[in-house]
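The values are calculated or read from the model by the stated rules, or taken from the named source; none is laboratory data. The model shown is predicted, which means the values in this text are computed figures rather than measured ones. Here the Cβ is made from the backbone with ideal geometry for all residues, glycine too, and neighbour counts use every protein chain on show. The area values use the complete protein model at the heavy-atom level, side chains included, leaving out ligands, DNA and RNA. Shrake-Rupley method; radii C 1.70, N 1.55, O 1.52, S 1.80 Å.
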Amino acid sequence: MASYLLPFGAIGLAWLAYPRTPWLASIAGLLAVIGWLPFSALTAQDDVTNALAQLPDSASYGGFWDHFTNDPVMLSYLVVYVVGHLTSYVLFGIALGRGRIISWWATWMLAASSPLTLTAFVFPYRLVVGAVALGLVVIGSVPAAVAMIRGRRVPAAT
């Protein structure tokens with residue numbers, strides 16, 4: 001689901017922030033779209049992992065899995081995702097906060113979701129940490145969605 005919805009969310013956040021913080025909104029939007037591009041490959045990597053785990057004698061596929069997930073191509077996808085997508089949400093939080101477009105707590109939730117997502121890669125309870133990070137994005141995006149629905153796009157600062 002996320003691989004389909006993320007680009008729309010990023011474009012919406014950039015559109016909302018653009019009148020007050022055009023440079024930040026443009027940079028964050030561009031990074032978000034670039035970071036989203038490899039997301040389907042990373043989702044496929046998770047799917048391959050699940051498929052291998054359900055095969056009989058799944059432990060014998062460990063070498064294949066290790067080679068596939070640490071391949072330079074998959075590593076480059078991960079780096080592009082981390083640099084693009086995760087950096088963009090920090091910048092969206094800053095842009096929406098500087099422009100006073102949504103409440104301060106929502107901007108902090110958006111910005112904090114990325115560092116928390118990074119810790120999910122190394123933290124032992126990665127599913128819990130990842131779910132909390134995703135929850136921060138969802139909850140932090142609600143005020144932005146409400147502002148967009150109500151048509152409260154803030155005019156450009158003069």
Taking only the alpha-carbon positions of the chain and ignoring solvent, what does the Debye formula give for the base-10 log of I(q)/I(0) at q = 0.09, 0.14, 0.20 Å⁻¹?
-0.34, -0.72, -1.23
GNM of the chain, Cα pairs under 10 angstrom: of G135, G12, G62, the biggest fluctuation goes to G62
Computed log₁₀ I(q)/I(0) - Debye formula, equal Cα scatterers, no solvent, segment 76-158, q 0.11 Å⁻¹
-0.33
Tilt relative to the chain, helix 72-81 - C-alpha long axis, 0 to 90 degrees, to 10:
20 degrees
Note the angle between two axes, namely the Cα long axis of helix 126-149 and the longest principal axis of the Cα atoms of the chain, as a number of degrees from 0 to 90, rounded to the nearest 10.
30 degrees
N50-I11 FRET efficiency (beta carbon distance; Förster radius 22 Å; 0.05 resolution):
0.15
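Send over a whole-number figure in Å² for the accessible area per residue of segment 61-158, probe 1.4 Å. Walk me through the numbers on the way to the answer.
Details: 6040 Å² over 98 residues.
Ligands and nucleic acids excluded, the figure is 62 Å² per residue.
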